[in-house]
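The values are calculated or read from the model by the stated rules, or taken from the named source; none is laboratory data. Predicted, not measured: the structure shown is a model, and the values here were computed from it. Note: ideal-geometry Cβ built from the backbone for every residue, glycine included; neighbour counts use all protein chains shown.
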Amino acid sequence: MGVNISADCQTFIAVILSGMICGILFDTFKVAGIFSKRNSVLISLFDLFFSLVLCVIVMTVFYIFNSYELRWFMFIGLFLGVILYFFMLSKAYKFTLNKLIQFFLKIFQIIFKILLTPARFLYKILVVHIN
């Protein structure tokens, strides 16, 4: 059994990236969880779904790059990826995600107003003419 440094480096980089993806998903679910603070059942479902998604991501990376052969550096890479994400990218990602959510909410409000304009117009005509 020979040591293939190139394959190990590729695996290490892939595991670091999967750790960063896990951090991104954590922040995404954290921001999405703001909308369900009062519903403990919904929070539990979010946590379960989050755990399943992380397991699928990590196990897929472990399978694709190393055929489920677990090596010590893979766990270090996963931890390193999460730590790198939280220290380098988390703040910017959460800021961008919040701005995107606000942007889409404003667009939906505008679309909703446009769709309700004929109904408001008919209501004003009926109320004015009936009174």
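Data for the structure
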| item | result |
| --- | --- |
| Residue that is part of a helix (DSSP H, G or I), farther than 14 Å from F26 by Cα and more than 17 Å from the chain's Cα centre (by Cα), where the choices are L122, L100 | L122 |
| From L100, L116, L54, L48, residue being out of contact with any strand residue (DSSP E or B) (no Cβ under 7 Å at 6 or more places or on another chain), more than 30 Å from I5 (Cα to Cα) and assigned by TED's automatic domain parsing to the domain that holds I5 | L48 |
| Qualifying residue in the range 8-31 (condition: exposed (fewer than 11 other Cβ atoms within 10 Å of the Cβ), at pLDDT 80 or above and part of a helix (DSSP H, G or I)) | no |
| Unique match (being surrounded by fewer than 14 Cβ atoms within 10 Å (Cβ to Cβ) and closer than 17 Å to L25 by Cβ) among L45, L54 | L45 |
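Conditions (1) touching an Asp or Glu at 6+ places or on another chain (Cβ under 7 Å); (2) more than 30 Å from C9 (Cβ to Cβ); (3) surrounded by 11 or more Cβ atoms within 10 Å (Cβ to Cβ), marked per residue:
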position: F65; (1), (2), (3): no, no, yes
position: F75; (1), (2), (3): no, no, yes
position: L78; (1), (2), (3): no, no, yes
position: A92; (1), (2), (3): no, no, no
position: I107; (1), (2), (3): no, yes, no
position: I111; (1), (2), (3): no, yes, no
position: L116; (1), (2), (3): no, yes, yes
